Amino acid sequence: MALKILHLADLHLGAAAYERWRGGRPERLDEFLAALDAALAAGEEAGVHAVVVAGDVYDQYRPEPLVQQEWARRVARLRARGTPLVVCLGNHDRAPRAAAVSSQAVFAALDLPGVYVAAEPTLWEIPTAGGTLTVAAAPWYAGGAPETAAATAALLADLVHNRWRRALARARAAVFVGHVWMAGGRLTSESTGFLGQAQIPPRAIADDAFAYYALGHLHLHQKVAFGAGGPAVYAGSIAPLDFSDEGAPKGAVLVELEPGEPTRWRFVELPARPFLTVDVAATTAEEVAARVTAFAAAHRTPGAVVRCRVTGPAGLGPTLDRDALAAAFPESLAFRLEVVVPTAARRRAGIAPELDLAAALRLYAADHPPASDIPWDDVLARADALARDENGAG
Ligand SMILES: [Mn+2]
């Protein structure tokens with residue numbers, strides 16, 4: 001018989017973005033809870049033997065009591081059904097540096113049979129109705145410095161390949177559960193992230209013993225290449241948090257582990273609130289209004305979070321009537337106006353490869369409005385110091 005698990009991640013219960021209270025209930029929290037309940041129902045229907053949450057249960061380290069109560073109810077329901085629950089801490093569950101206790105520590109302290117909270121890298125052999133499930137859990141470990149990612153990778157490599165070796169070797173069904181940014185994982189459908197953010201090379205963790213890697217942290221549902229073991233999948237956030245989720249499918253993953261057979265997995269897509277961007281390039285407020293009105297006439301947007309992104313000349317922003325633009329979307333949950341003043345290519349025309357760093361920075365600084373909070377004097381002084389070092393004068 002296959003051992004079935006439901007893989008969830010990044011629930012972010014209590015996320016405040018675009019929240020609206022109606023009839024004594026927070027609409028966005030209820031939306032996230034509905035998604036969670038739909039995922040749990042899909043798991044129940046499929047007959048899963050365990051539920052794993054790969055981090056970020058709450059959006060905040062100190063959530064509202066309402067948020068805690070709602071999560072505790074789900075924990076209790078899983079226990080009542082006898083379905084083991086694994087929670088692997090994410091960065092949002094972690095306490096700030098000074099405090100030691102996570103937002104999920106209360107569930108560990110209650111010592112509830114069938115509830116497993118990984119605050120440190122932990123290996124469990126969990127009895128389930130479908131047989132023993134071996135779980136290697138790697139919670140979010142530290143902040144964003146690359147050195148820390150390297151240290152985390154080394155630690156996990158030692159655990160997987162040495163200290164956990166025997167337990168993994170005897171496992172009937174073993175999964176890795178981690179709140180980690182694996183190198184190769186994409187932040188959004190359009191972005192791979194930015195330089196300097198902690199990423200762990202899959203080869204540190206990859207092992208033939210793992211029939212599945214249940215990942216959390218990246219909110220875009222995706223499969224990443226590991227090179228050994230079964231499929232490695234980010235479930236993605238359970239519901240859209242912000243515009244980085246625009247257009248991305250949201251849901252959970254149903255996994256079937258069968259010893260000696262390739263792991264089967266299936267993404268269960270859930271209905272998600274639409275996030276919708278209206279891009280307008282214009283030079284006058286009248287033009288913007290006309291374009292937005294035309295768009296609103298062509299699209300129904302019930303419950304949507306609408307963003308109007310206006311690209312135009314400096315000075316256009318203050319002339320826009322935000323409330324009038326928002327009124328074009330009466331059915332939407334929220335409306336957001338962004339004004340983008342392009343840094344025209346001509347402004348940088350003077351910057352050329354033959355310039356030294358300090359000279360190029362001076363040209364760049366001259367083109368940027370003084371309102372910028374970049375301490376240009378300091379930046380330029382450092383560039384001069386760097387140039388002196390390069391010339392061997394330092
Ligand atoms: Mn997250």
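The values are calculated or read from the model by the stated rules, or taken from the named source; none is laboratory data. The structure presented is a predicted model; accordingly, all values stated were derived computationally and were not measured. Cβ coordinates were reconstructed from backbone atoms using ideal geometry, including for glycine residues, and neighbour counts include every protein chain displayed.
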The range 76-94, subset aliphatic (A, V, I, L, M) and under 22 Å from the mean Cα position of the chain (by Cα), residue farthest from THR134 (Cα to Cα): LEU89
Determine which single condition GLN222 fails, assuming it passes every other condition in (1) within 16 Å of the ligand (Cβ to nearest atom); (2) at pLDDT below 95. (2)
Give the number of residues within the range 164-185 that are surrounded by fewer than 21 Cβ atoms within 10 Å (Cβ to Cβ) and over 26 Å from GLY260 (Cβ atoms). 2
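Would you mind stating whether ALA206 is under 28 Å from PRO259 (Cα atoms), in the same structural domain as LEU85 (by TED's automatic domain parsing), modelled with pLDDT of 95 or more and part of a loop (DSSP other than H, G, I, E, B)? Spell out the reasoning first.
Numbers: under 28 Å from PRO259 (Cα atoms): yes; in the same structural domain as LEU85 (by TED's automatic domain parsing): yes; modelled with pLDDT of 95 or more: yes; part of a loop (DSSP other than H, G, I, E, B): yes.
The answer is yes for ALA206.
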Being at positive phi and surrounded by 15 or more Cβ atoms within 10 Å (Cβ to Cβ) is the filter here; which residues of the range 53-96 pass it? GLY55, ASP56
Tell me which residues, restricted to the range 249-275, are in contact with a Leu (Cβ under 9 Å, 6 or more places away or on another chain), under 19 Å from SER332 (Cβ atoms) and part of a loop (DSSP other than H, G, I, E, B). ARG273
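Can you pull out every residue in the range 48-64 that is within 16 Å of the ligand (Cβ to nearest atom) and farther than 26 Å from GLY131 by Cβ?
Let us first name the residues in the range 48-64 that are within 16 Å of the ligand (Cβ to nearest atom), namely 52-61, 63.
Result: ASP56, VAL57, TYR58, ASP59, GLN60, TYR61, PRO63.
Hey, among ALA72, ALA42, which residue is under 21 Å from LYS250 (Cβ atoms), small (Gly, Ala, Ser) and more than 16 Å from the ligand (Cβ to nearest atom)?
Working: ALA72 fails: under 21 Å from LYS250 (Cβ atoms).
Selected residue: ALA42, the only one of ALA72, ALA42 that is under 21 Å from LYS250 (Cβ atoms), small (Gly, Ala, Ser) and more than 16 Å from the ligand (Cβ to nearest atom).
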LYS250 vs. criteria among the basic types (Lys, Arg) and within 16 Å of the ligand (Cβ to nearest atom): yes
The range 225-253, residues that are closer than 19 Å to GLY90 by Cα and either free of Cβ contacts under 8 Å to residues at least 12 places away in the same chain or among the aliphatic types (A, V, I, L, M) (or both): ALA232, VAL233, ALA235, ILE238, ALA239, LEU241, ALA252, VAL253
Going by what's in this entry, would THR122 be described as in the same structural domain as LEU215 (by TED's automatic domain parsing), more than 20 Å from LEU218 (Cβ to Cβ) and surrounded by fewer than 19 Cβ atoms within 10 Å (Cβ to Cβ)? yes
Which residues, counting only those in the range 279-302, are within 15 Å of ARG336 (Cβ to Cβ) and modelled with pLDDT under 95? THR301
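Here is a list: VAL67, VAL115. Which entry is within 25 Å of the chain's Cα centre (by Cα) and within 16 Å of the ligand (Cβ to nearest atom)? Before you say what the answer is, go through the steps one by one.
On the way: VAL115 fails: within 16 Å of the ligand (Cβ to nearest atom).
Unique residue meeting the criteria: VAL67.
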Name, by its number, the condition in (1) surrounded by fewer than 22 Cβ atoms within 10 Å (Cβ to Cβ); (2) aliphatic (A, V, I, L, M); (3) more than 16 Å from the ligand (Cβ to nearest atom); (4) under 22 Å from HIS179 (Cα atoms) that does not hold for ILE5. (1)
